[in-house]
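Have a look at the structure below, then the notes.
The values are calculated or read from the model by the stated rules, or taken from the named source; none is laboratory data. On a predicted model such as this, the values are computed, not experimentally measured, just so you know. No Cβ is skipped: glycine too gets one built from the backbone with ideal geometry, and neighbour counts run over all protein chains shown. Accessible surface areas use protein heavy atoms only, side chains included; no ligands, DNA or RNA. Shrake-Rupley method; radii C 1.70, N 1.55, O 1.52, S 1.80 Å.
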Amino acid sequence: MDSDDATLLRLLSGDLRGAYDAALRQLAEDRGNAAAWSVMAAIALEGGNGAKARDLAEKALALDGDALLGLIVAGRAALLDRDEARVQQAATRLSALPVPAEPRLADMIGVLLVRAGRAEAALPYMAAAVRAMPESAEMLYNLAITAQFCGDLPRARESFRRLLVLDPMRHSARLALAQLDPPNAAALAEAERLFAKALDADAALQLGHSAARIAEGLGDDRGALDWLDRAKAAKAAEASHDPAAADALFAALQALPIDRSAAVDAPVRPLFVVGMPRSGTTLIDRILSSHAEIRSAGELGSLSNAVKRAAGTPGAMVLDAATLAAPFDPAEVASRYRADLAARGYRSGVVIDKMPFNFFYVAHILAALPEARVLIVRRDPCDTAFANYRQLFATEFGYYGYSYDLMHCARFVARFEALMDHVASAGAPRVATVHYEAVVADQEGESRRLIDWLGLEWDAACLSFDRNAAPVSTASSLQVRKPIYDISIGRWRRYGDRGAAVRDAIARWRDGQGGAI
């Protein structure tokens with residue numbers, strides 16, 4: 001084993017001090033050692049210094065353009081910087097290289113590719129990592145969730161089951177299996193047993209959601225709702241969601257002018273599919289992207305990052321009332337957004353950006369991108385509120401704090417409905433609305449209407465969206481691989497008095513009456 005390999009192994013085994021000292025010795029002997037500079041970059045990144053990590057990785061890559069660790073660190077630092085162009089550059093270069101023999105490097109590449117929106121490209125790296133280190137729970141989880149994104153459900157199911165054997169306390173795997181496996185009483189009893197022993201709010205959240213999914217699958221909707229209440233109680237206290245701050249987000253957009261110009265032609269024509277989470281945005285994305293001339297870029301953070309930078313507001317929060325209300329340079333937003341699409345390889349045709357919360361940026365989109373259109377997806381607001389309550393969103397993404405309380409969900413949805421009424425009333429020709437229930441009732445008619453609005457010829461492939469093989473990394477990754485169904489319509493009525501309470505609260509908040517929730 002040469003000194004470069006020995007230093008890398010120290011780093012990968014967690015011996016950062018030893019790796020740092022070894023890299024320093026190597027650089028004292030040879031300032032042109034790209035591998036040593038890469039190790040230094042990785043250590044800076046582990047220490048939270050993204051800027052230094054980026055600079056050191058660039059130094060390594062200037063010496064050796066194929067320095068594997070340097071490329072990985074460059075990509076991870078770009079993720080921290082929200083620099084999509086550099087993320088995609090690193091992902092493209094890494095995916096052109098052979099799968100490395102070192103499994104921890106292979107896994108790191110796979111994770112970076114997933115974060116770059118290239119889940120299919122990530123699978124071989126993650127599979128190789130698991131083959132080499134089958135006892136690694138973290139690598140097995142990465143493989144399982146990526147297989148689910150890619151629609152490889154047998155591999156996902158097998159991997160999640162193996163993961164629970166390795167680590168019975170990996171409750172995220174239990175939650176995934178609650179959706180992949182047929183519901184059964186034994187699984188519900190096991191979830192309940194573990195819930196009683198949950199040591200923290202996150203464990204209770206995952207186990208309670210697992211129990212709720214199983215109970216729902218067994219036909220016990222009221223019991224499932226009780227489980228959700230129990231699951232979310234501790235996390236709701238931690239999250240401390242502020243409804244007034246959420247109201248301010250909606251008010252900030254409502255104060256902005258809505259551009260009413262017609263769409264201009266351009267090589268790349270962005271289509272922003274927006275709406276509340278769990279309202280059918282992924283379904284619409286899959287239907288439209290089944291068209292030969294439409295591609296989906298997935299859920300991008302590019303637009304919000306571009307607005308944040310153009311607004312120049314302080315703080316780490318990308319989505320806040322101050323940023324939405326701040327003056328901004330539309331040309332700068334357009335330049336950044338178009339560059340991000342180009343970095344991802346989109347240079348022609350209609351490209352869908354399906355980040356649901358981009359509805360907060362409708363005014364910014366229309367002002368900055370004259371070639372763009374916005375499609376608002378709406379669903380029965382009561383069903384939307386319950387669907388958001390039933391969903392376990394990423395806990396580290398603070399914007400979903402409303403989802404831990406059913407009435408906070410009702411208030412958030414009501415504000416969305418009022419805001420979208422306002423946007424629709426502006427009559428902007430580049431904004432259209434589609435209702436989930438209308439698509440379920442008449443998929444072909446609604447699909448044809450949308451394709452016509454986009455100025456394209458009809459493509460019958462839109463009717464077979466469930467055969468669309470592209471990866472899906474959203475909460476709807478399982479549902480959209482099935483033909484269209486109507487069992488979710490009117491689900492709120494199954495919850496009796498609580499359904500009625502949500503209906504009344506939404507009506508009150510949508511009309512601006514406020515009051516106690």
Inside segment 149-167, can you point out the residues that are open to solvent by less than 20 Å² (accessible area, probe 1.4 Å) and either over 23 Å from G117 (Cα atoms) or among the polar types (S, T, N, Q) (or both)?
S159, L163
Where in segment 1-65 are there helices (runs of 4 or more DSSP H), lying fully within it, with 1 or more residues that are farther than 20 Å from R76 by Cα and among the small types (G, A, S)?
3-12, 16-29
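With a cut-off of at least 1 residues that are aromatic (F, W, Y), name the helices (runs of 4 or more DSSP H) lying wholly within segment 133-192.
On the way: elements: 137-149, 153-166, 171-180.
Per the criteria, 137-149, 153-166.
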Only one of these is modelled with pLDDT of 90 or more, open to solvent by 20 Å² or more (accessible area, probe 1.4 Å) and of a type outside the set (V, I, T): A334, A322. Name it.
A322
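Return the total of residues in segment 300-312 being buried (at least 22 other Cβ atoms within 10 Å of the Cβ) and under 18 Å from the mean Cα position of the chain (by Cα). Talk me through it step by step, then tell me what you get.
Taking segment 300-312 and keeping what is buried (at least 22 other Cβ atoms within 10 Å of the Cβ), we get 300, 302-303, 306-308, 310.
From the residues that got through so far, the ones that are under 18 Å from the mean Cα position of the chain (by Cα) too are 300, 302-303, 306.
Total satisfying the criteria: 4.
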Can you name every residue in segment 273-295 that is out of contact with any Asp or Glu (no Cβ under 6 Å at 6 or more places or on another chain) and part of a strand (DSSP E or B)?
V274, G275, I294, R295
Of the residues that make up segment 234-255, is at least one open to solvent by 20 Å² or more (accessible area, probe 1.4 Å), under 25 Å from Y495 (Cα atoms), at pLDDT below 95 and among the charged types (D, E, K, R)?
yes
Do you know which residues across segment 114-128 are under 26 Å from G301 (Cβ atoms) and open to solvent by less than 20 Å² (accessible area, probe 1.4 Å)?
A116, A119, A122, Y125, M126
When every residue in segment 290-299 that is closer than 18 Å to G117 by Cα and open to solvent by 60 Å² or more (accessible area, probe 1.4 Å) is compared, the one modelled with the lowest pLDDT is E299
Quick check on segment 126-143. Is at least one of its residues farther than 20 Å from L12 by Cα, out of contact with any Cys (no Cβ under 7 Å at 6 or more places or on another chain) and not β-branched (V, I, T)?
no
Would you confirm, using the coordinates I've provided, whether S279 is closer than 30 Å to L454 by Cα, crowded, with 16+ Cβ neighbours inside 10 Å and among the hydroxyl-bearing types (S, T, Y)?
yes
Name the pairs: first residue in segment 305-321 and under 20 Å from L341 (Cβ atoms), second residue among the basic types (K, R) and buried (at least 16 other Cβ atoms within 10 Å of the Cβ), Cβ to Cβ under 6 Å, at least 6 apart or on different chains?
N305/R82; A306/R336; V318/K308
